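Below is one structure, written out as structure tokens; the observations come after it.
The values are calculated or read from the model by the stated rules, or taken from the named source; none is laboratory data. Not measured: the values here are computed from a predicted model. We place every Cβ from the backbone using ideal geometry, glycine too, and count neighbours over all the protein chains shown. Only protein heavy atoms, including side chains, enter the accessible area calculation; ligands, DNA and RNA are left aside. Shrake-Rupley method; radii C 1.70, N 1.55, O 1.52, S 1.80 Å.
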Amino acid sequence: VQLQASGGGLVQAGGSLRLSCAASGRTFSSYLMGWFRQGPGMEREFVAGISWNGGSTQYSDSVKGRFAISRDNAKNTVYLQMNSLKPEDTAVYYCAASRYARTITVVPGAYDYWGQGTQVTVSS
């Protein structure tokens, strides 16, 4: 499967952005999906994950209550709605798909496919 992330940009602190990740292929609905981010000089970190049917979601403590992950299997797309953005949210955001994970995992190595990343910059 190929993943194409979009929706990043420059926003002021307190603002909102919605990231999208469009997937190719017919088996998108069977994949567990996740969003990760990587700031300058930092390791890639888990942001949010969603089960194959959207029935289960998980968030990192740093974004809980501000970000929301969702998916539309009919459109082969996963979304990340980001509200109340902070300068520390500045990073390249990546979507990822796992073929085999049965539950949401924060481990990057458990994901088999990655999008190219989209830059999110939050100014203070």
> What fraction, in whole percent, of alpha-carbon pairs in the chain exceed 20 Å separation?
Replying inline: 35
> Can you list residues whose amide H is under 5 Å from Lys86's amide H, if they're 5+ apart or on another chain and H is modeled 1.01 Å from N?
Replying inline: Gly14
>> If R₀ is 22 angstrom, what is the calculated FRET efficiency for the pair Gln2 and Ser70, using the beta carbon separation as r and rounding to 0.05?
In response: 0.60
>> Using the Karplus curve 6.51 cos²θ - 1.76 cosθ + 1.60 with θ = phi - 60°, what ³J(HN,Hα) values do you get for each residue of region 102-110, in whole Hz, with x for Gly and Pro?
In response: 8, 10, 4, 10, 9, 8, x, x, 7
> Averaged per residue, what accessible area in Å² does the chain show with a 1.4 Å probe, protein chains only?
Replying inline: 51
> So how much slack lies between Tyr100 and Glu88, counting 0.36 nm per residue of separation and subtracting their Cα-Cα distance, in nm?
Replying inline: 1.2 nm
> Kirkwood-based Rg over Rh for region 76-124 (C-alpha set), two decimals?
Replying inline: 1.03
>> Give me the percent of accessible area attributable to carbon and sulfur for the chain, probe 1.4 angstrom.
In response: 48
>> If you average the alpha carbon positions of region 69-89 and of region 1-61, how far apart do those two centres end up, in angstrom?
In response: 6
